[in-house]
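The values are calculated or read from the model by the stated rules, or taken from the named source; none is laboratory data. Quick caveat: nothing in here was measured; it's all calculated off a predicted structure. All Cβ positions, glycine included, derive from the backbone under ideal geometry; neighbour counts span all protein chains shown. The accessibility values were calculated without ligands, DNA or RNA, using every heavy atom of the protein model including side chains. Shrake-Rupley method; radii C 1.70, N 1.55, O 1.52, S 1.80 Å.
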Amino acid sequence: MPLTSNVIIDQARALDLLDQLRVAVPEEVRAAKRINDETERIVERAQEEAERILARAQEQAAFLIEERELTRAAEIRSQEIIADGQREADEIRRGADEYAASVLIKLEGALIKELQSIKRGLAMLDERHVADDGEGNGVAVVDDIPRVESGRAQL
């Protein structure tokens, strides 16, 4: 409406868009949570494996403690095993983090597209409202739906 903060929108279309968002967003959030949970499980398994390898290397070193050269070789090998385990854990963590980031980036893109679609719809409704000369056309006036501008909801 001119000189007011009221906006005329197609109620059915707006509700349809909201229903689509309600369906799409929770699934993406659940997928991101599953990815983060899986990342944590992978890192924990890698850490457990590294600890098992370390324990095995320490047991092996204990058997060879009397012979100086063999002991030194065992210590070097245990350090290599630990380093390998740590590298593998780091690689797994890095890969899981990259995957989670890519899913979250895709989710962000989808949300941005939906938000842009809503903004276009609102802009179209604003234009229709300005073009309308006040005749009733069956479009509901909705003045309590928040408008998003500059990333902040406004009533």
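Cross-link reach is defined here as a Cα-Cα straight distance under 25 Å, omitting same-chain residues fewer than 8 places apart; for LYS33 the lysines meeting it are LYS106, LYS113. Ranking ARG52, ARG22 from most to least accessible surface, computed with a 1.4 Å probe over the protein chains only, gives ARG22, ARG52. Express in whole angstrom the spacing between the alpha-carbon centres of segment 13-54 and segment 89-107. Between the Cα centre of segment 13-54 and that of segment 89-107, the gap is 11 Å. LYS106 contributes about 150 Å² of solvent-accessible surface, heavy atoms of the protein only, 1.4 Å probe. Once divided by 2.2 N^0.38 Å, the Cα radius of gyration of segment 1-60 becomes 2.47. Annotation: average projected area of segment 23-121 is 6.6 square nanometres, based on the convex hull of Cα atoms across all directions. Spacing of the modelled spin labels on THR71 and ARG41, each 7 Å from Cα toward Cβ, amounts to 4.4 nm.
Restricting to DSSP loop positions (anything but H, G, I, E, B) with no more than 13 other Cβ atoms inside 10 Å of their own Cβ, which GluC sites (Glu not before Pro) remain in segment 32-109?
Numbers: sites: GLU38, GLU40, GLU44, GLU48, GLU49, GLU51, GLU59, GLU66, GLU67, GLU69, GLU75, GLU80, GLU88, GLU91, GLU98, GLU108; in loops: GLU66, GLU67.
Filter output for segment 32-109: GLU66, GLU67.
Gain in length, ARG34 to GLN11, computed as 0.36 nm per residue apart minus the alpha-carbon separation, to one decimal in nm? Mind dumping the intermediate values first?
Values: separation 23, 0.36 × 23 = 8.28 nm, distance 3.49 nm.
That pair, ARG34 and GLN11, stretches by 4.8 nm at full extension.
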